[in-house]
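Notes follow the structure.
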Amino acid sequence: MRQSQLFTKTQKDFPADETSAGTQFLLRAGFIDRTAAGVYTILPLGYNVLRKIENIIAKAMDRLGGQRVTMPALVPKKYWETTGRWNAFDALYKLKGKNDDEYALGATLEEIVTPLAQKYAVSYKDFPFSIYQIQTKFRDEMRAKSGLLRGREFLMKDLYSFHVDQKDCDALYEKVKDSYFSIFKETGLAASTYLTLAGGGTFSKFSHEFQTATEAGEDIIYLCDNCGFSINREIKKEYPKCPECGCEKFGEKKAIEVGNIFKLGTKYSAAFGFEAVGPDGCKMPVLMNCYGIGLTRLMGTVAEISRDSAGLIWPAAIAPFEAHLVELESKDGEVNKKIREAAQKIYSDLQKRDIGVLYDDRTGKSVGEKFKDADLLGMPFRVVVSEKSLAKDSVEIKKRDSREAELVGLDKACAFNFKD
Ligand code: ATP
Ligand code: MG
């Protein structure tokens, strides 16, 4: 993409009540725009990131055997009444249609997915199966001051699994744990994300949260000094000692929940009278698990933990572009032509190799302005074509998080490894 064509521009200012440093950079760099507290437009640069996160997550869900659907955002009142959540879920956005029919915007979709599954799964032979979607959720959050970390409208992946066998239900739960870590590894969060024991509600003693340590987080987790086992604040009272190794020393960390997995038991299936016909013709209870990841929250979390004082530092796998090709103008018209020719050739060669490139072809910008913007935007590699580099038939390639640039011959620039 040519930067001169990008309709967004970097900005110095951001709304004063945006408290998360990562979100401040996302706003200033033009990845997102704020419409209201907790409500954002995802701009082209941000959309590239989100699309890559979505691909990584969708592939992982497909590998687990998840079948993808898109469920409605308008959820009629009667479904919420069936589960008792019309009044019990306090963050629902409720609305009335012209005929006084009432809806709540989807905040989580057990109310749709359970009766949906019930329409098709009758016999025990129809189980197990899993349904997922990646869809916008709406929640009337009390505090929405941490940008993408807590939206009132946000993108979530929600997977629901259906079982008639407890062992099989537990086995999938464990498989999803591993799958989540593969997702966090690819998106650059694994090193600071902890599998955390949390309360389980009615049907299970525990659920598990995937908590990423960051000062911007609103949760507190307790990490065992000895083995690194992690417990959420809310259940910590039950465990003066680490349940894994018995150690009594815990460190405290602020963290943000990027994902969670939950055993629902028969909570929702029973509410809808969803049972299966067993091998002996008798009814069997249907067990459910649900598994969430917030995609926009994940993007905000990466921005939060992967940055320096100058801007964002994207992990290669989810960077909007792998390379930021920066052309620096010379005062000499003839030299300028050569710089442009060299830059355009690299631009088209890299694209042919399927390397995503943001090409800073803007004229009338100083070296300082261009470099400042490149640091703020945070592509993994900066490739500079200038009078100085051309004098050596080279370009300068610098990793975003390193100080040293490398001179790479013009003929070798396109074979450079931009992937890691
Ligand atoms: P929290 O405790 O942070 O409010 P939650 O327990 O309400 O989260 P879930 O209902 O389990 O979250 O939703 C599944 C996932 O959706 C979460 O792990 C998180 O990644 C994401 N999520 C939840 N609420 C928000 C929000 N307001 N903005 C962005 N992402 C969210
Ligand atoms: Mg919540």
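The values are calculated or read from the model by the stated rules, or taken from the named source; none is laboratory data. Everything quoted here is computed from the prediction, not taken from an experiment. Cβ sites come from the backbone with ideal geometry, for glycine too, and all protein chains shown count toward neighbours. Ligands, DNA and RNA are excluded from the accessible area calculation, which covers all protein heavy atoms including side chains. Shrake-Rupley method; radii C 1.70, N 1.55, O 1.52, S 1.80 Å.
With both labels modelled 7 Å from their Cα along Cα-to-Cβ, the D62 to E252 distance reads 4.5 nm. For the residues D170, D360, a 1.4 Å probe over the protein chains yields an accessible-area ranking, largest first, of D170, D360. Between K237 and E81, the FRET efficiency from the beta-carbon distance, with R0 = 30 Å, is close to 0.30.
Helix 44-63 and the longest principal axis of the C-alpha atoms of the chain enclose an angle of approximately 40°.
Here the chain has 49 percent of its accessible surface on carbon and sulfur atoms, given a 1.4 Å probe and all protein chains in place. Among residues other than V258 with Cβ under 10 Å from its Cβ, the summed charge is -1 (Lys and Arg +1, Asp and Glu -1). For the listed residue pairs K345/K392; K9/K331; K331/K365; K253/K419; K52/K338, the alpha carbons are over 23 angstrom apart in K9/K331; K253/K419; K52/K338. At a probe radius of 1.4 angstrom, the accessible area of the chain per residue rounds to 48 square angstrom. I want to verify a result. In a Gaussian network model of the chain, Cα cutoff 10 Å, which of these has the top mean-square fluctuation: S123, S402, S182? Taking springs between Cα atoms under 10 Å, the residue moving most is S402.
State the extension gain, in nm to one decimal, for the chain segment bounded by D17 and S182, taking 0.36 nm per residue of separation less the distance between their alpha-carbons.
Numbers: separation 165, 0.36 × 165 = 59.40 nm, distance 3.43 nm.
Here the answer is 56.0 nm.
Maximal additional length on extending the D165-D100 stretch stands at 19.2 nm, based on 0.36 nm per residue less the C-alpha distance. Over all other residues within a Cβ to Cβ distance under 11 Å of I220, the charged ones net out to 0, with Lys and Arg as +1 and Asp and Glu as -1.
Between the DSSP loop rule and a limit of at most 13 other Cβ atoms within 10 Å, which trypsin sites (Lys or Arg not before Pro) in the stretch 319-389 are left?
Working: sites: K331, K337, K338, R340, K345, K352, R353, R362, K365, K370, K372, R382, K388; in loops: K331, R353, R362, K365.
Of the trypsin sites (Lys or Arg not before Pro), the ones in loops of the stretch 319-389 whose Cβ has at most 13 other Cβ atoms within 10 Å are K331, R353.
Here the simple spin-label model places points 7 Å from the Cα toward Cβ, and for D393 and K331 these points are separated by 2.9 nm. Ordering G228, G246, A21 by the projection of their Cα atoms onto the charge dipole of the stretch 7-308, which places +1 on the Cβ of Lys and Arg and -1 on the Cβ of Asp and Glu, puts A21 at the extreme positive end. Compared with the alpha-carbon gap, the fully stretched path from S366 to V277 is longer by 24.8 nm at 0.36 nm per residue. Of the GluC sites (Glu not before Pro) found in the stretch 363-420, those that fall in a DSSP loop while having at most 14 other beta-carbon atoms within 10 Å are E404. The trypsin sites (Lys or Arg not before Pro) found in the stretch 201-268 that occupy coil by DSSP, while having at most 16 further C-beta atoms within 10 Å, are K205, K237, K241, K249.
Using only Cα atoms, find the angle between the long axis of helix 295-305 and the longest principal axis of the chain, and express it within 0 to 90 degrees, rounded to the nearest 10. Rounded to the nearest ten degrees, it is 50.
Averaging sequence separations of C-alpha pairs under 8 Å and six or more residues apart, then dividing by the length of the chain, give the relative contact order as a whole percent.
Working: 832 pairs, mean separation 68.0, N = 420.
Once divided by the residue count of the chain, the mean separation gives 16 percent.
Cut-off 10 angstrom, C-alpha nodes, Gaussian network model of the chain. Which of Y40, Y239, Y180 fluctuates the most? Most flexible of the set in this elastic network: Y239. Note on the chain: GNM, Cα springs under 10 Å; of F31, F229, F381, the largest mean-square fluctuation is that of F229.
Before anything else, pin down the relative contact order of the stretch 321-415: Cα pairs under 8 Å, at least 6 apart, normalised by residue count, whole percent.
Numbers: 149 pairs, mean separation 31.6, N = 95.
Answer for the stretch 321-415 is 33 percent.
Would you work out which of V75, G200, L172 lies farthest towards the positive end of the dipole of the stretch 7-308? Charges go on Cβ: Lys and Arg +1, Asp and Glu -1. It is V75. Think of it as helices only: each DSSP H run of n ≥ 4 in the chain is worth -39500 (n - 2.57), and spread over all residues that comes to -9000 deg cm²/dmol at 222 nm.
Using heavy atoms of the protein chains and a probe of 1.4 Å, the accessible area assigned to M1 is about 70 Å².
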